[in-house]
Each structure stands twice: as C-alpha cells, then as structure tokens.
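The structure appears below as structure tokens.
The values are calculated or read from the model by the stated rules, or taken from the named source; none is laboratory data. Just so we're clear, the structure is a prediction, and the values are computed from it rather than from any experiment. Using ideal geometry, Cβ is built from the backbone for each residue, glycine included, and neighbour counts are taken over all protein chains shown. Each accessible area value is taken on the protein alone, full model and side chains, heavy atoms only, with ligands, DNA and RNA left out. Shrake-Rupley method; radii C 1.70, N 1.55, O 1.52, S 1.80 Å.
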Amino acid sequence: MDINWAELKAAAIKALDSSYAPYSGFPVGAAALTEDGRLITGANIENASYGLGLCAECSLVSELFRTGGGKLVAFACVDKHGNELMPCGRCRQLLYEHHAPGMLLNTVSGIKTIYEVLPDAFGPEDLLERK
Ligand code: THU
C-alpha cells in the first residue's frame, strides 16, 4: 500500500486540536492508516491525577476499535510545533499489539518498522503454549 506521509502528518497536526494537556502543556497528535484504508487519529488526554493521563496513542487505539478495528499499517505523531515524536515505550507496546505485518512509523530518525522501534517485542504470540 502506498503511504501518503504528508497526509498522515497533517492529520496528526489536526488531531492536536483535540488534545487536553493542561498539566504538561505538551499536546500530542497522532494519526494512523489502517489496513482497510481508514485514517484514524488520537490526542493525549491528561488528568488531575497526573499518572492517569492518556497518551495520544491510547485514544488512537480507541478510535481504531470505535471505527471497526483492524490493523495499523502506518503511524505518525507530532508535538505542538508539528515536529515528529517518538512514541513512548508503553505506546510502542500498544501499537505493536495492533500492527499489520511490516507496520511503518514516521520517527525522529526517519521511517522505521515497528520491529525496529520495539525489537524482540513481547506480543500476543508469546501467550501461546509452547513446549
Ligand atoms: N505523550 C503522548 O501522548 N504520547 C507519547 O508517545 C509520548 C508522550 C504525552 C503524554 C503527556 O500527556 C505528554 O505527552 C507529556 O509527556
């Protein structure tokens, strides 16, 4: 599938409008393309109980399921200036759970696969019984 990275980044920038980040002052917008061609977005939603804040990737994954589920083929997230951001470690794990084979991310060091940003990932396959 051809990925329009400029369109994905523009969607992540637009998603910043939905961010609620009064505590950190660090809004994050995220966007992803699904295997069936949907463009989904998310933004961080913080909480007065600081540790309960949701990363942009959390609302993106909710949107994934709210709009029909499926797998992610491409992902981008940005700060308030529109600069690329690396998903935090927890969010790399969140994204890994829903990745399509070979999923790509627009990172601070260029386009990378999910396997590069989360090497030797723990995933659903690790829960299968093995001898
Ligand atoms: N944040 C995200 O939304 N995604 C990430 O991958 C990194 C961090 C948010 C969490 C918090 O609301 C703000 O950025 C500052 O850490």
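Excluding Ile114 itself, calculate the net charge of residues whose Cβ lies under 13 Å from the Cβ of Ile114, where each Lys or Arg counts +1 and each Asp or Glu counts -1. Show your work: numbers first, answer last.
Working: positive: Lys71, Arg92, Lys112; negative: Glu57, Glu97, Glu116, Asp120.
Residues near Ile114 contribute -1 overall.
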* Asked: From a point 7 Å beyond the Cα of Leu39 in the direction of its Cβ, which residues of region 82-119 have a backbone N at a distance under 19 Å?
  -> 82-85, 104-107
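For region 17-63, with every protein chain kept in place, what is the accessible area per residue (1.4 Å probe, Å²)?
Roughly 49 Å² per residue, with all protein chains present.
Would you mind telling me the share, in percent, of accessible area of the chain contributed by carbon and sulfur at probe 1.4 angstrom?
Details: 4040 of 7330 Å².
Looking at the chain in its full context, I get 55 percent from C and S.
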* Sites Ala121 and Phe65, calculated FRET efficiency, Cβ-Cβ separation with R0 25 Å, nearest 0.05 -> 0.75
* **Inter-label distance for Lys112 and Leu94, nm, one decimal - labels placed 7 Å from Cα along Cα-to-Cβ** => 1.8
* Asked: Under a point spin-label approximation (7 Å from Cα along Cα-to-Cβ), what is the Leu52-Lys14 distance to one decimal in nm?
  -> 3.1
* Inter-label distance for Lys80 and Met1, nm, one decimal - labels placed 7 Å from Cα along Cα-to-Cβ -> 3.2
* Structure fact -> Computed, not fitted: 222 nm per-residue ellipticity of the chain from DSSP H runs ≥ 4 (each -39500 (n - 2.57)), nearest 500, equal to -7500 deg cm²/dmol
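Across the chain, how many lysine pairs, 8 or more positions apart or on different chains, have C-alpha atoms separated by under 23 Å? Please give the number.
On the way: Lys9/Lys71; Lys9/Lys80; Lys9/Lys112; Lys14/Lys71; Lys14/Lys80; Lys14/Lys112; Lys71/Lys112; Lys80/Lys112.
Here the count comes out as 8.
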* To do: Mind pulling the angle between the C-alpha long axis of helix 5-15 and the longest principal axis of the chain? Nearest 10 degrees, somewhere in 0 to 90.
  => 50
